[in-house]
Amino acid sequence: MIRTFASRALRARQQTVRFYALDGAKGFNDRESAFENMYFNKSDEAALRKLLSKVKSQSQTSDPGASMSSDAADLASLRAIVGKYSVSEADMKALLHWKHAHY
């Protein structure tokens, strides 16, 4: 009987200590969920970028006229921005390629 009481008391003490140890872990759970959200946001962004590049490539092959007018509009807006600098056509096309590849 004394053994049973002692084991129950020891078990209750261990549970109390475990409760106090987990009591301060609230910030840890918030931090963990923040890291999880960041991971999924980055993976979603990568998937959306991949999807956007597929849509752009499909639109260029299916409707080349619209693609050419879109490229001409992009080139015109780029000329408006960097027109006061001496930027070559090759550099402007490289900038547009970089823009479409990365954004």
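No lab work stands behind these numbers, since they all come straight from the coordinates. Note that this is a predicted model, so its numbers are computed, not measured. Cβ atoms come from the backbone with ideal geometry, glycine included; neighbour counts cover every protein chain shown.
What the table shows:
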| item | result |
| --- | --- |
| Nearest-0.05 FRET efficiency for Ser70 and Lys50, computed from C-beta distance (R0 22 Å) | 0.65 |
| Given Lys54/Lys84; Lys56/Lys93; Lys42/Lys93; Lys54/Lys93; Lys50/Lys93, the pairs whose alpha carbons are separated by over 27 Å | Lys54/Lys84; Lys42/Lys93 |
